[in-house]
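Chemist: Before I ask anything, let me first share the structure, which is written out below as structure tokens.
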Amino acid sequence: MALDYAGEFNDGRTAARTPVTVRFGRQGLELEGEDGAPVATWVYEDLSLADEPHRRQPVRLAHAAQADARLTVADRGFLRPLLALAPHLRRRGVLGRRPWLRLALGAGGVAAVVAILVYGLPRAAEPIAALIPVEWEEALGQQVAAELLGGGGGCDGDAGVRALGRLTDRLGAAVESPYQFRVAVADVGDVNAFAAPGGYIVLLRGLIDAADTPDEVAGVLAHEIGHVIERHGTERIIRATGLALLFEILVGDVSGLVGLGAGLAEMLLGLSYSRQDEAEADIIAVRILAVARIRADGLARFLERIADEDGDAAQALAYFSSHPSGQARADAVRAAAGAGGAAMSPADWRALKAICG
């Protein structure tokens, strides 16, 4: 039995995945960074499986002390000694530790097949997306976000990361959602933002550079949160992957679902939301900003100003190529906007502007 295993640790606050060495200690799993420095010790009794283990799937663990963090070990040989030291992780019964979930997915999968036969795949994407457990979306979204960030954690200026975190928490607290929103900034000059499944959102540096006020960034971020809540990204993936994704739902195999993540970021970059999707995200954004007491005209002002400055924004700016827009949409957002305060303090805004160094 190997004493050490190679793993990847995600702290749950960003999309970054840190390589770690995993060792079976006396009390729990001992995680060390590449420099040998301790990262964490996860007590065996507090471990849980982030996903049901399957033949093709790496072992993914969660821990009660760090509820949002995840540890992934690709070596399947890791599972046997793990179960010996943490027997509560063993599967129970022929349908696993959560038979109700498998049965629900099976019944839902049959309903999805019927929906496809009756309505066709594009119109059936929404009911199929509703069948996917949140933890599956999170696993898929983490892969997509990491791909968008080039495998790293994005821009990491400490003050900027903290400022963005405060804004994200403020917006996230203004809406009821099963997702924890994780936002990172990629050091890319395009004016764009992307909502991956499961609460992962990536802002591009160019969008922050182009924004005149923090209210504009807050408006765009609230809009992307709207896409997450409505599962628009997941629906786009379903339309693109078709029956391959439905098969994974029917068999209840998250490993196959996560395996579909390779290349999905590039695919999402090239797909446009429908006008209905954009309208739904705008409505949710206005509501979030109102509850968060942030001026809600930032999104409309941002879209209008960028279009005016560039002329043909639909061709010149990536944001408009993946987010169909128009004056009517901006007018609708502005009409629904209520009173509110600033999204950030001047100090936080300066920090966010400098997040990429």
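What follows draws every value from the coordinates through simple rules; no lab data is involved. For clarity, every value in this text was computed on a predicted model and none was experimentally measured. No Cβ is skipped: glycine too gets one built from the backbone with ideal geometry, and neighbour counts run over all protein chains shown.
Chemist: Roughly what would the spin-label model give for residue 88 and residue 156, points 7 Å off Cα along C-beta, in nm?
Modeler: 3.3 nm
Chemist: Related question: Among 185-197, 277-289, what's the highest-first ranking by average C-beta atoms within 10 angstrom per residue? Don't jump to the answer; show the numbers that get you there.
Modeler: Working: 185-197: 23.5, 277-289: 21.5.
Descending packing order for the listed peptides: 185-197, 277-289.
Chemist: Residue 23 to residue 213: FRET efficiency via 1/(1 + (r/R0)^6), r the Cβ-Cβ distance, R0 45 Å, to the nearest 0.05? Intermediate values should be presented prior to the final figure.
Modeler: Working: r = 49 Å, r/R0 = 1.09.
E between residue 23 and residue 213, to the nearest 0.05, is 0.35.
Chemist: Highest mean first, how do 72-79, 297-304, 177-184 rank when packing is the count of other Cβ atoms within 10 Å averaged over residues? Don't skip to the end; give the middle numbers.
Modeler: Numbers: 72-79: 16.0, 297-304: 23.6, 177-184: 19.9.
The densest-packed peptide leads the list: 297-304, 177-184, 72-79.
Chemist: Moving to a separate point now. At 7 Å along Cα-to-Cβ for each site, give me the label-to-label distance between residue 342 and residue 34 in nm.
Modeler: 4.0 nm
Chemist: Calculate the spin-label point distance for residue 173 paired with residue 354, positioning each point 7 Å from the Cα along the beta-carbon direction, and give it in nanometres.
Modeler: 2.6 nm
Chemist: If you count, for each residue, the other Cβ atoms within 10 Å and average over each peptide, how do 4-10, 225-231 line up from highest to lowest? Don't jump to the answer; show the numbers that get you there.
Modeler: Details: 4-10: 18.9, 225-231: 23.6.
Highest mean packing first, the order is 225-231, 4-10.
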